[in-house]
Amino acid sequence: MPATIIETNATPFKKIDIDPVTLDIIENALRNARIEMDATLVRTAMSPGIREQGDAFPLIADHTGKMIVGQFGSFIDGFLRLYDGTLEDGDMIFLSDPYSCDGAVSHNNDWLILLPIFKDGRLIAYTAMFGHQSDIGGKVVGSMPIDAKSIFEEGVRIPPVKIWKKGEYNEDLMKLVMHQTRKPDWCQADLNAIIASCRVAARRVIEMADRFGDDVYVSATQELLARNHRAMKTLIGQAIGEEPVSFEDYICDDGIGAGPYKIKCTMRREGEKVILDFEGTDPQSGASINFLLNENMFKMFFGIYMIMVFDPQILFNDGFYDLIEVKIPEGSLLKPKFPAALSGRTHALGRIFDILGGLLGQKTPEFLNAAGFSSSPHLFYSGNDKNGDWFQLFQIGFGGIPGRPLGDGPDGHSLWPGFTNVPNEFLERYFPLRIERYETAQDSGGAGLHRGGNGIHLTYRFLAAGTISIHDDRWFVPPWGVNGGEPGKRARKILEKADGTSTIVANKVEEITVAEGDQLHFVTWGGGGWGDPLERDPELVALEIRQGLVSVDGAREYGVVIADDGTVDQSATDSLRADMASQVIETDSPFNFGPDIDTLRTNCLEETGLPAPIQPGHVAA
């Protein structure tokens, strides 16, 4: 049964014609309310992942559940269909189980609060936010076991329940949930911060409705949705053809020896509607890299990509959803069957953005980005310090952003534009470690007219014995370049023991023991390059050598020769570029994927120091 909305005032909202000035004021007030949600969160949360990195996502929706401002799109319509209960004034919903909300949150670590906003007996809006909790129990510290076989190994699962019911707080529920986590102080503070953020947004909505009138406010939200629909309808007609185009990319491995896993999407337009079909995507994994992709979430990803590439001034919201149809095969990597594990879904989530770029750029290669959004590297470090006190760190790392039509990709930036790094000073103050190096991974960005962003070389020195876990990708299949650009360099991880010996470790691995004085060299991938590197200004290459972004040897990928005094040797550069240009093989494809999968397998051990993953579904000899 669907949810039952209990309203004491049955008067329907009247449709009001909204003048442009009022609409602009309400639009920007909603934008500001969303920003205020973020500000409230980071001022009151405790965990590094939320307080320092901002790993939380707010939204404000209209009275039907459609997102007006936010980032991931709204899950509320699906929730209302699946929730067998009531919603009334004073209620607040708490949930974390992806299977209970059709993937609106994608793993158990994401705790979500949904607050229906009532005014004078009528439901006038919703606000919601979810944030990543650093620990929710389960078999490993951090609750994201890459080798999990089912979701039951990944910590507490919370179905939709009322944390507040008619204004009464459910304290016993919180005691039960917090009892499951290794860090109840962080989790309680972070959850309170999420609740406070939703209450701030609710107050701002009520203030807007008081100022302009309920009917005007609701009519304005409907006009914002309609405006987005009109804009997206135009963009779709201009940028997407009726002839089907397909694109595929790969998750390197699943952390238990199999890979790569293919994600394939085919796009076509039928009249005004876009069809996005994931037929051909590999079956679900036996480990936790599965991603339960909510169709509305993917529609929002598609819309954000379209808007940011073609018309960044558009306010993205849920208004265009009826223009898109998403098809995901059951039992695939993107629609796994319960109780498949989901905690390592970040790699597939990141790869979705690379695939969107590959799809949307085929008709308009001048707007095509290279690959590099790709993943969200994670490090976990835990143990007892010299005082015997428990510590645990969950940190999100950054890779190289792809080269773009209008310029180079940023060096060492997050998949999510709102994320920030955890300051080294914070890490060294609160955890037994020292950051020995935090710098660009030289030459890791793919060469191009517009260089791919370099990855990060981050070196941790551990000051207490403990265990570490690593979740990263793009170590086997490199980020591809476009329009003549070269692929980015691949990720790698090196554990240097206190005695000076070094070992290459996997990019997905659980619970490696480290001793005091050991160092981990955590090197992320670089973004793919855009355009012919032989067209890049040699003086810019020389500048980047001085800045440490490119090496003298790396400059030769651009056909640039550097003299002993650090200046460009123009004669040698002209000669090298002419020689390199003569060896270019013309191709109709704008993509440069580098070696094929079979070649990558053959050369894997030599090039990466790690054995090649076996084909999913096969058994190693």
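Calculated mean residue ellipticity at 222 nm for the chain: -9000 deg cm²/dmol, from DSSP H runs with n ≥ 4 weighted as -39500 (n - 2.57), summed, divided by the residue count and rounded to 500. Treating each Cα of the stretch 446-595 as one equal point scatterer and applying the Debye formula with no solvent, the log10 of I(q)/I(0) at q = 0.17 Å⁻¹ comes out as -0.95. Summary value for the chain: 12 percent relative contact order, contacts being C-alpha pairs under 8 angstrom separated by 6+ residues. The slack between Gln547 and Arg43, meaning 0.36 nm per residue of separation minus the straight C-alpha distance, is 177.9 nm.
Cα-based radius of gyration for the stretch 75-136, normalised by 2.2 N^0.38 Å, reads 1.17.
Treating the stretch 1-130 as a set of equal point scatterers at the Cα positions, no solvent, please give the Debye-formula log₁₀ I(q)/I(0) at q = 0.09, 0.12, 0.13 Å⁻¹. Those come out to -0.29, -0.52, -0.61, one per q.
Using 1/(1 + (r/R0)^6) with R0 = 56 angstrom and r between the beta carbons of Asn9 and Glu270, what's the FRET efficiency to the nearest 0.05?
Once rounded, the FRET efficiency stands at 0.85.
Computed on the stretch 120-210, with alpha-carbon pairs under 8 angstrom and 6+ residues apart, the relative contact order is 33 percent.
Would you mind working out the magnitude of the charge dipole of the stretch 389-543 relative to its Cα centre, with +1 at each Lys and Arg C-beta and -1 at each Asp and Glu C-beta, to the nearest 20 Debye? Provide the component values of the computation, followed by the final result.
Values: 14 positive and 21 negative charges, 47 e Å.
So the dipole magnitude of the stretch 389-543 works out to roughly 220 debye.
Each Lys and Arg adds +1 at its Cβ and each Asp and Glu adds -1 at its Cβ; summed about the Cα centre, the chain shows a dipole of about 1360 debye.
For the chain, what % of the accessible area comes from carbon and sulfur atoms, probe 1.4 Å? Percent of accessible area from carbon and sulfur atoms in the chain: 51. Normalised per residue, the accessible area of the chain is 39 Å², obtained with a 1.4 Å probe and no contribution from ligands, DNA or RNA. Per Stokes-Einstein, at 37 °C and 0.692 mPa s, what whole-number D in µm² s⁻¹ belongs to the stretch 320-403, with the Kirkwood radius over Cα pairs as the hydrodynamic radius? The Stokes-Einstein estimate is 201 µm²/s. With the charge dipole of the chain set up from +1 on Lys and Arg Cβ and -1 on Asp and Glu Cβ about the Cα centre, the Cα lying farthest toward the positive end among the listed residues Pro595, Ile25, Pro402 is that of Ile25. Of all lysines in the structure, the ones whose alpha carbon falls short of 25 Å from that of Lys66, not counting any fewer than 8 places away in one chain, are Lys14, Lys15, Lys119, Lys162, Lys165, Lys166, Lys233, Lys273, Lys299, Lys327, Lys335.
If N is the number of residues in the chain, what value comes out of its Cα radius of gyration divided by 2.2 N^0.38 Å? Working shown, then result.
Working: Rg = 25.0 Å, N = 621, 2.2 N^0.38 = 25.3 Å.
After normalising by residue count via 2.2 N^0.38 Å, the value is 0.98.
Charged side chains reduced to their Cβ positions (Lys and Arg at +1, Asp and Glu at -1) give the stretch 502-609 a dipole of some 100 debye around its Cα centre. In the chain, the longest principal axis of the Cα atoms and the axis of helix 214-239 are about 30 degrees apart.
Amide H contacts under 5 Å for Arg437: Thr459, restricted to partners 5 or more places along the chain or on a different chain, H placed in the peptide plane at 1.01 Å from N.
Rg to Rh for the stretch 169-241: what is it, with Cα atoms only and Rh by Kirkwood? Can you show the working numbers first?
Values: Rg = 20.6 Å, Rh = 16.2 Å.
A ratio of 1.27.
Relative to the dominant Cα principal axis of the chain, helix 346-360 is inclined by about 80°.
Sorting 173-183, 476-486, 581-591, 394-404 by average packing, meaning the other beta carbons within 10 Å per residue, from highest down gives 394-404, 476-486, 173-183, 581-591.
For the chain, the residue among Ile93, Tyr558, Thr11 whose Cα projects farthest onto the positive side of the dipole built from Cβ charges is Thr11. Rounded to whole numbers, the Karplus 3J(HN,Hα) couplings from phi for the stretch 468-481 are 10, 10, 10, 10, 8, 9, 6, 9, 10, 9, x, x, 7, x Hz, using 6.51 cos²θ - 1.76 cosθ + 1.60 with θ = phi - 60°, and x at Gly and Pro.
Using only alpha-carbon positions, what ratio does the radius of gyration of the stretch 393-527 give when scaled by 2.2 N^0.38 Å? All intermediate terms of the calculation are to be shown ahead of the outcome.
Numbers: Rg = 15.5 Å, N = 135, 2.2 N^0.38 = 14.2 Å.
Against the compact-globule rule of thumb, the ratio is 1.09.
Take each peptide in 60-66, 469-475, 269-275, count the other Cβ atoms within 10 Å of every residue, and average; sorted highest first, the result is 469-475, 60-66, 269-275. Note that the stretch 95-196 carries a Kirkwood radius of 14.4 Å, evaluated over its alpha carbons pair by pair.
Positive end of the dipole of the chain (Cβ unit charges, origin at the Cα centre): among Pro538, Gly350, Ile456, the Cα lying farthest that way belongs to Gly350. Compute the helix-to-body angle for 597-608: its Cα long axis versus the longest principal axis of the chain, expressed 0 to 90° and rounded to tens. The answer is roughly 70 degrees. Binning the alpha carbon pair distances of the stretch 369-461 at 5 angstrom intervals from zero yields the distribution 3, 13, 21, 20, 15, 11, 8, 5, 2, 1, 0, expressed in whole percent.
For the stretch 255-265, 3J(HN,Hα) computed residue by residue from phi via the Karplus equation (6.51, -1.76, 1.60; θ = phi - 60°) reads x, 10, x, 9, x, x, 9, 8, 10, 10, 9 Hz, glycine and proline entered as x. Phi-derived couplings, Karplus 6.51 cos²θ - 1.76 cosθ + 1.60 at θ = phi - 60°, listed residue by residue for the stretch 145-152: x, 5, 9, 5, 9, 8, 5, 5 Hz, with x used for Gly and Pro. Taking amide H positions as modeled 1.01 Å from N, with prolines and chain starts lacking one, no residue 5 or more places away or on another chain lies under 5 Å from Val422. Net length available on complete extension from Asn170 to Thr501 is 113.8 nm, with 0.36 nm assigned per residue and the Cα-Cα distance removed.
Compared with the alpha-carbon gap, the fully stretched path from Gln313 to Glu325 is longer by 1.9 nm at 0.36 nm per residue.
Taking only the C-alpha atoms of the stretch 147-294, the Rg (one decimal) and the largest Cα-Cα distance, Dmax (whole number), read 22.8, 60 Å.
The values are calculated or read from the model by the stated rules, or taken from the named source; none is laboratory data. Keep in mind that this is a model prediction, so the values were computed, not measured. Every residue, glycine as well, gets a Cβ built from its backbone with ideal geometry; the counts of neighbours run over all protein chains shown. Only protein heavy atoms, including side chains, enter the accessible area calculation; ligands, DNA and RNA are left aside. Shrake-Rupley method; radii C 1.70, N 1.55, O 1.52, S 1.80 Å.
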